[in-house]
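Notes to accompany the following structure.
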Amino acid sequence: MGRAFVYVILGGGVAAGYAALEFTKRGVSHGELCIISEEPVAPYERPALSKGFLLPESPARLPSFHTCVGANEERLNPKWYKEHGIELVLGTRVKSADVRRKTLLTATGETISYKILIIATGARALKLEEFGVSGSEAENVCYLRDLADANSLVKVMQSCAGGNAVVIGGGYIGMECTASLVINKINVTMVFPEAHCMARLFTPKIASYYEDYYQSKGVKFIKGTVLSSFEFDSSGKVTAVNLRDGSRLPADMVLVGIGIRPNTSLFEGQLTLEKGGIKVNGKLQTSNNSVYAVGDVAAFPVKLFGETRRLEHVDSARKSAKHAVAAILEPEKTGEFDYLPFFYSRVFAFSWQSFGDNAGEVVHFGDSSGSTFGAYWISKGHLVGSFLEGGTKEEYEAIANATRLQPAVEDLAEVGRQGLNFALTV
Ligand code: FDA
Ligand code: NAD
């Protein structure tokens, strides 16, 4: 049993949806393109799962957040794929790949062959078991990577109104889900090993702004430790969380967000890997020239910093996918991917954006007791990164633009005094 396509996208997440749209904009014939996804639904905007999806009132539900609404493009529902002659092979896991033969074998036993493959397999959530703690299978222990996880989380949340949740991890999932849990009237204790939340990006000063607000909403922080075990009731539900520092937290539910691992396993030994992902060049092409990789799974050269990075954010998934399709369909017209790293989050009424790199020395600006404040990172005498909470569209564009231009900075204190004006006048 088998089918053959010119183009196959392996994975049906954010990058797949944006790649599909780009294929249709640049011209693809009916029957040429296929998307294979383990998930049972057409590509959707994954960021909605920790935000609108978890709201107690009028939560976001498919089809409202299929790609590509997140970038103000049209919404690609299953009907759209049909009308454009794009084959959606959903609910189907690819269990092996042979890049020499250009074939993929699905868990249902079908062989799908391609001329060009785009790997868009994203990443999986790290499990507590990988840190030596068992209990992930308990029905009130939640992770959040896909729609199935989000549906379970909603069910568990609804059964815990007024109860206690322990959130493990102080990164994006931890912060965004804690806000959603609070909005759902659940008492939250966050536990993470670092000295402050969002340690990969925030400075202590930025972190304290958000932590203070979370505390004002009743959230408790336990920092500098990790969990050591769970306690269970006779039905196997978790009833308490034991921490390595000896404390014990009663829990009606647990939410775990302790990072991800890119889904590279199908290609290990076949393609070159780097930084935990599949290494690609500036055209998003892997070490095999019929195979491209995009999104969370791709380690690509960030021209601005002269090094290879793997980014785990929706903007890079969208833009790398579009660039790969351009490079495939119009190779002569398509240059090297020149990407400015962009991160954002929304929690409660807060909204921040960050661009570039958080390396070197940091200068904070604005009034962190007010609603707009930010930071610049300066490395080797140049602006390399920026952060802004509560900005306007124009202000975000200004810090993005300034970060891309990397102007020289001699007097850090002066930049701090100028604050946003520094970016607005670059
Ligand atoms: P993505 O994970 O979207 O898709 C991968 C797809 O491949 C999945 O459908 C998976 O099932 C499929 N797949 C994998 N292996 C397969 C196999 N062997 N066979 C078949 N199918 C397979 N970023 C941001 O910038 N701002 C934000 O606010 C958020 N918010 C956010 C919330 C939540 C809950 C999550 C989990 C993530 C975010 N992100 C984010 C990150 C962002 O969603 C992420 O960077 C993109 O989804 C990456 O897109 P990809 O297409 O690379 O992977
Ligand atoms: P993360 O990398 O943002 O944070 C992981 C956190 O896990 C760390 O901050 C640390 O506090 C914690 N941690 C690590 N080891 C631990 C341990 N043994 N015990 C307890 N805590 C531990 O990852 P995440 O929050 O799980 O997010 C998963 C993915 O989803 C990431 O790729 C992230 O970029 C993406 N995401 C992004 C956004 C956004 O961009 N707004 C929102 C949600 C999710």
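Restricting to region 376-413, name every residue that is in a strand (DSSP E or B), in contact (Cβ under 8 Å) with a residue 24 or more places away in the chain and among the aromatic types (F, W, Y).
Hits for region 376-413 are Y376, F387.
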| Which one of the conditions (1) in contact with a strand residue (DSSP E or B) (Cβ under 9 Å, 6 or more places away or on another chain); (2) open to solvent by less than 20 Å² (accessible area, probe 1.4 Å) does A207 fail to meet, given that it meets all the rest? | (1)
| request: Within region 359-378, track down each residue that is surrounded by fewer than 21 Cβ atoms within 10 Å (Cβ to Cβ), at pLDDT 95 or above and not aliphatic (A, V, I, L, M). | output: G360, E361, H364
| Criterion: small (G, A, S) and either in contact with a helix residue (DSSP H, G or I) (Cβ under 7 Å, 6 or more places away or on another chain) or open to solvent by less than 20 Å² (accessible area, probe 1.4 Å) (or both) - qualifying residue of G381, G385 | G385
| Just a yes or no: is a residue in region 272-284 in contact with a His (Cβ under 8 Å, 6 or more places away or on another chain) and either within 16 Å of ligand 2 (Cβ to nearest atom) or not hydrophobic (A, V, I, L, M, F, W, C) (or both)? | yes
| field | Positions within region 152-170 being near ligand 2 (Cβ under 6 Å from one of its atoms) and either touching a helix residue (DSSP H, G or I) at 6+ places or on another chain (Cβ under 8 Å) or over 14 Å from I222 (Cα atoms) (or both), in sequence order | value | I168
| request: Under 8 Å between Cβ atoms, at least 6 apart or on separate chains: pull out the pairs that start in region 322-345 with a residue that is among the polar types (S, T, N, Q) and open to solvent by less than 40 Å² (accessible area, probe 1.4 Å) and end on any residue that is assigned to a loop (DSSP other than H, G, I, E, B) and away from ligand 2 (no atom under 16 Å from the Cβ). | output: T334/K283
| message | With the requirement that a residue be polar (S, T, N, Q) and in contact with a strand residue (DSSP E or B) (Cβ under 9 Å, 6 or more places away or on another chain), what does region 347-378 give you? | response | S351, Q353, S354, N358, S368, S371, T372
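Matching residues to (1) among the β-branched types (V, I, T); (2) at negative phi; (3) buried (at least 19 other Cβ atoms within 10 Å of the Cβ); (4) at pLDDT below 95:
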position	(1), (2), (3), (4)
L144	no, yes, yes, no
V167	yes, yes, yes, no
G170	no, yes, yes, no
G174	no, yes, yes, no
C177	no, yes, yes, no
V182	yes, yes, no, no
K185	no, no, no, no
E194	no, yes, no, no
| query | Can you pull out the residues in region 171-199 that are in contact (Cβ under 8 Å) with a residue 40 or more places away in the chain, within 15 Å of ligand 1 (Cβ to nearest atom) and part of a loop (DSSP other than H, G, I, E, B)? | reply | G171
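Kindly provide the set of residues from region 240-299 that are part of a loop (DSSP other than H, G, I, E, B), among the polar types (S, T, N, Q) and within 30 Å of G224 (Cα to Cα), ordered by number.
Of all residues in region 240-299, those part of a loop (DSSP other than H, G, I, E, B) come to 244-247, 251-252, 257-259, 263-264, 269-270, 272, 275-276, 280-284, 286-290, 294.
Retained after the next criterion (residues that are among the polar types (S, T, N, Q)): 247, 263-264, 270, 272, 281, 286-290.
Across region 240-299, the qualifying residues are S247, N263.
From the list F355, F422, which one is of a type in the set (A, V, I, L, M, F, W, C), part of a strand (DSSP E or B), on the phi < 0 side of the Ramachandran plot and touching a residue at least 12 places away in the same chain (Cβ under 8 Å)? Step through it out loud before you land on a result.
Details: F422 fails: part of a strand (DSSP E or B).
Matching residue, one of F355, F422: F355.
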| remark: With the first residue restricted to region 18-29 and required to be on the phi < 0 side of the Ramachandran plot, and the second required to be in a helix (DSSP H, G or I) and open to solvent by 40 Å² or more (accessible area, probe 1.4 Å), Cβ contacts under 6 Å at 6 or more apart or on different chains are Y18/K322; E22/K322; R26/L329
| Check on I9, more than 16 Å from ligand 2 (Cβ to nearest atom), closer than 23 Å to E330 by Cβ, open to solvent by less than 50 Å² (accessible area, probe 1.4 Å) and not hydroxyl-bearing (S, T, Y) | yes
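Test of understanding: among D315, D252, D296, which residue is open to solvent by 50 Å² or more (accessible area, probe 1.4 Å), of a type in the set (D, E) and in contact (Cβ under 8 Å) with a residue 24 or more places away in the chain?
Going through D315, D252, D296 in turn, the sole match is D252.
Do we have any residue at all in region 188-206 that's within 15 Å of ligand 2 (Cβ to nearest atom), of a type in the set (S, T, N, Q) and more than 29 Å from N151 (Cβ to Cβ)? First the steps, then the outcome.
Taking region 188-206 and keeping what is within 15 Å of ligand 2 (Cβ to nearest atom), we get 188-204, 206.
Filter again for of a type in the set (S, T, N, Q), leaving 189, 203.
Pick out the ones that are also more than 29 Å from N151 (Cβ to Cβ) and you get 203.
Checked against the condition, which is being within 15 Å of ligand 2 (Cβ to nearest atom), of a type in the set (S, T, N, Q) and more than 29 Å from N151 (Cβ to Cβ), region 188-206 yields at least one hit.
The values are calculated or read from the model by the stated rules, or taken from the named source; none is laboratory data. Just so it is clear, the model here is predicted, and its values are computed rather than measured. All Cβ positions, glycine included, derive from the backbone under ideal geometry; neighbour counts span all protein chains shown. Just the protein is used for accessible areas: all its heavy atoms, side chains included, with ligands, DNA and RNA removed. Shrake-Rupley method; radii C 1.70, N 1.55, O 1.52, S 1.80 Å.
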